[in-house]
Amino acid sequence: AQTVTQSQPEMSVQEAETVTLSCTYDTSESNYYLFWYKQPPSRQMILVIRQEAYKQQNATENRFSVNFQKAAKSFSLKISDSQLGDTAMYFCAFMRSIQGAQKLVFGQGTRLTINP
Amino acid sequence: EAQVTQNPRYLITVTGKKLTVTCSQNMNHEYMSWYRQDPGLGLRQIYYSMNVEVTDKGDVPEGYKVSRKEKRNFPLILESPSPNQTSLYFCASSLRQGYSGNTIYFGEGSWLTVV
């Protein structure tokens, strides 16, 4: 069974600092997708970044980047120059198709607080 | 505007009183699913549907029913709600089944409290 583990329940950094959220996953699949979602206090689910497993290059989206280590099954999220608006719960998620059905498996979440 | 719309957004109900959470998407998506979010557990899939009249169980289907009579709608039915179904519920949709790179669109969530 696929599992996703986020080992940091909570993190707190000062504004403008860089922070890295960790995520590990377990799968026997060779091709899959990984995601980071942001959930601000509004509870909306916002896609932050996506990584395709067959692509070696790490995905980046402005201040957000990932460190994808396929052999280690690790998928960490780095937020550079953190801003107050980055305060949110962050979920790592794994997706693959099972008999045509897309299934997202989420980690437990990391609550990130950016302090002024 | 591409949207997944859930109703109600907030509901407090009593044990055993049947309720339905509606979900509608305006993107002509084939694939729709329901998740519940609980502290320390992340989001877990309840049911999913690959197209009209095609539904199947996710990881935590007990106590829930779904139907997919129209492509745009995917209601979640709690026939006899219990307090352990108190949770935040998300409906989600995506364009095409079978391609795991599709963008998943989430609704805004429905807070359900069963007392």
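Taken together, the values in this text are just the output of simple stated rules run on the coordinates, not laboratory data. Bear in mind that the values here come from a model prediction, so they are computed numbers and not experimental data. Positions of Cβ are backbone-derived with ideal geometry, glycine not excepted, and every protein chain shown enters the neighbour counts.
The stretch between A:N31 and A:T3, if pulled fully straight at 0.36 nm per residue, gains 8.5 nm over its current Cα-Cα span. Its Cα gyration tensor gives segment B:7-87 an equivalent ellipsoid, and the semi-axes of that ellipsoid, as √(5λ) in whole Å with the largest first, are 21, 14, 12. Calculated over chain A, the projected area of the Cα convex hull averaged across directions stands at 7.1 nm². For A:I49, the residues whose modelled amide H falls within less than 5 Å of its own, excluding neighbours fewer than 5 places apart on the same chain, are A:W36. Inter-chain Cβ neighbour count for B:37-45, averaged per residue, equals 6 (cutoff 10 Å, partner chain atoms only).
Could you tell me which chymotrypsin sites (Phe, Trp or Tyr not before Pro) in segment B:30-107 are loop residues by DSSP with no more than 15 other beta carbons within 10 angstrom of their beta carbon?
Numbers: sites: B:Y31, B:W34, B:Y35, B:Y47, B:Y48, B:Y64, B:Y89, B:F90, B:Y99, B:Y105, B:F106; in loops: B:Y64, B:Y99.
In loop regions of segment B:30-107 (DSSP not H, G, I, E or B), the sparsely surrounded chymotrypsin sites (Phe, Trp or Tyr not before Pro) are B:Y99.
Taken over segment A:52-112, the convex hull of the Cα atoms encloses 114 Å³ per residue. Projecting label points 7 angstrom from Cα along Cα→Cβ for B:V14 and B:E108 puts them 2.9 nm apart. Over 25 Å between C-alpha atoms is what I'm after, so list which of A:K55/A:K103; A:K73/B:K65; A:K70/A:K103 land there. Beyond 25 Å: A:K73/B:K65. Taking θ as phi - 60° and the Karplus parameters 6.51, -1.76 and 1.60, the scalar couplings of segment B:67-75 work out to 8, 9, 8, 10, 5, 7, 10, 8, x Hz in sequence order, x denoting glycine and proline.
Taking a straight Cα-Cα cut-off under 18 Å and skipping sequence neighbours fewer than 8 places away in the same chain, the lysines within cross-link reach of A:K38 are A:K78. Mind jotting down the distance between the C-alpha centroids of segment A:34-106 and segment B:24-92, whole Å? About 22 Å separates the Cα centre of segment B:24-92 from the one of segment A:34-106. In order along segment B:51-66, the Karplus-derived 3J(HN,Hα) couplings, from 6.51 cos²θ - 1.76 cosθ + 1.60 at θ = phi - 60°, round to 4, 4, 6, 10, 10, 7, 6, x, 7, 9, x, 4, x, 10, 9, 9 Hz, and Gly and Pro are given as x. When the Cα atoms of the protein assembly as shown are aligned to their principal axes, the ranges along those axes come out at 49, 38, 35 Å in descending order.
Taken about its Cα centre, chain B carries a charge dipole of about 180 debye when Lys and Arg each add +1 at the Cβ and Asp and Glu each add -1 at the Cβ. Cβ-Cβ distance of A:A16 and A:E52, R₀ of 25 Å, FRET efficiency by 1/(1 + (r/R0)^6): the value works out to about 0.20.
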